[in-house]
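Report on one structure; see the data block that follows.
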Amino acid sequence: MDYKSHITGIFDRNASEYSGFGTHFFDIFAEKLVDLSECSKGACVLDVATGRGAILKRILPRIG
């Protein structure tokens, strides 16, 4: 099995549980990243492949 197939298989096997796995872990880092961003009301934010939305849930109230 090649590396790409191996990694794809890992994601495929865990896809159904991804949104519930380690949510607290992601939330801790999301809060810290939002604090570090220093975004304020009206800021534009681009979310590119950052996972399950933990960052967006925290930054949206700040930027409006």
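The values are calculated or read from the model by the stated rules, or taken from the named source; none is laboratory data. Treat the numbers as computed from the prediction; the structure is a model and nothing was measured. So basically every Cβ, Gly included, is an ideal-geometry build from the backbone, and we count neighbours across all protein chains shown. Surface accessibility is based on the protein's heavy atoms, side chains included, excluding ligands, DNA and RNA. Shrake-Rupley method; radii C 1.70, N 1.55, O 1.52, S 1.80 Å.
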Legend entry - So Leu33, is it under 27 Å from Asn14 (Cα atoms) and assigned to a helix (DSSP H, G or I): yes
Inset, instruction - List every residue pair whose Cβ atoms sit under 7 Å apart, with the two residues 6 or more apart in sequence or on different chains, where the first one lies in segment 41-57 and is over 9 Å from Phe26 (Cα atoms) and the second, anywhere, is open to solvent by 50 Å² or more (accessible area, probe 1.4 Å) and charged (D, E, K, R). - result: Leu56/Asp47
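Tally the residues that are open to solvent by less than 70 Å² (accessible area, probe 1.4 Å) and at pLDDT 85 or above, restricting the search to segment 8-39.
7
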Inset, instruction - Just give me the residues in segment 40-63 being in a helix (DSSP H, G or I) and surrounded by 12 or more Cβ atoms within 10 Å (Cβ to Cβ), in sequence order. - result: Ala54, Ile55, Leu56, Lys57, Arg58, Ile59, Leu60, Arg62, Ile63
